[in-house]
1. Can you grab the distance from the C-alpha centre of the stretch 13-31 to the C-alpha centre of the stretch 84-99, Å, no decimals?
2. Which value in nm describes the separation of the simple spin-label points at GLU129 and GLN170, placed 7 Å from the Cα toward the beta carbon?
3. For the stretch 73-197, what is the number of Lys pairs with C-alpha distance below 25 angstrom, counting only pairs 8 or more positions apart or on separate chains?
4. List the residues whose amide H sits under 5 Å from the amide H of LEU201, counting only those 5 or more places along or on another chain, with H placed 1.01 Å from N in the peptide plane.
5. How big is the stretch 1-64 in terms of Cα radius of gyration and Dmax, in angstroms?
6. So for THR79, THR181, fewest C-beta neighbours within 10 Å to most, what's the order?
7. About the Cα centre, and with charges only on the beta carbon of Lys, Arg (+1) and Asp, Glu (-1), how big is the dipole of the chain? Nearest 20 debye, please.
8. Apply the Karplus curve 6.51 cos²θ - 1.76 cosθ + 1.60, θ = phi - 60°, to the phi angles in the stretch 124-140 and return the couplings in whole Hz, x for Gly and Pro.
Amino acid sequence: MGTQVLRVLKNLNLRVDKGDYVALMGPSGSGKSTLMNIIGCLDNFDSGKYLLNGIDVTGLSDNSLAEIRNKQIGFIFQTFNLLPRYTALENVELPLIYAGVSKKERVQRAKEALEQVGLSDRITHKPNELSGGQRQRVAVARALVNRPAILLADEPTGNLDSQTSEEIMQLFEQIYLQGNTIILVTHEEDIARKSKRIIRLKDGIIEKEEFI
């Protein structure tokens, strides 16, 4: 920031194993968004090392990072980030298009992902024809369709009512029980407690780690 150097994360050391279900928590300015962006290969870091599924992503080119994001990480956002003119099926297909998967296989895998989240009867619906919970389920299916190493969810229930939030968290539990690795960013204590491990950040460091 001009001549001022702001250290957001400080000597942070974190290991997430395959099959973990981790919640990142902390007040505004604690560094959780920066940490999430680093885990998701969206932001670079100045020093240290990051190994993702055995790959050292430190210093990789933008193109290499984009490829890793598409193949290794499934993103789920608070605002769903669905394309309004596309059907649920077409939205879920998108990561497979970037991965160069054939049309026939894309459709098959997208249908399977939508069935996994309980939306096999909504594949031709566009986002404005779906409820908030259904839209988030489409977003979860899109995140799962490339069979990523990590499912990275940023405030996934932030725009949902309490009942729908509970349904989405039950879906996350099912996904976790199928062997997926989930990292969840939330400011809601009850949502964080659906995970198996809470990492509490404060002022750029891990203040506390709690196993549920």
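Read the figures in this text as sums done on the coordinates, not as results from a lab. Since this is a predicted model, take the numbers as computed values, not measurements. Neighbour counts run over all protein chains shown; Cβ positions are idealised from the backbone, glycine included.
1. Taking the Cα centre of each part, the stretch 13-31 and the stretch 84-99 sit 29 Å apart.
2. Taking the simple label geometry, GLU129 and GLN170 are separated by 2.6 nm.
3. The number of close lysine pairs in the stretch 73-197 is 4.
4. Result for LEU201 returns MET25, GLY26, GLU207.
5. Reported Rg and Dmax, both Å: 13.0, 42.
6. THR79, THR181
7. Here the size comes out at about 440 debye.
8. Running phi through 6.51 cos²θ - 1.76 cosθ + 1.60 with θ = phi - 60° gives 9, 7, 8, x, 6, 9, 10, 6, x, x, 5, 4, 5, 5, 4, 4, 5 Hz.
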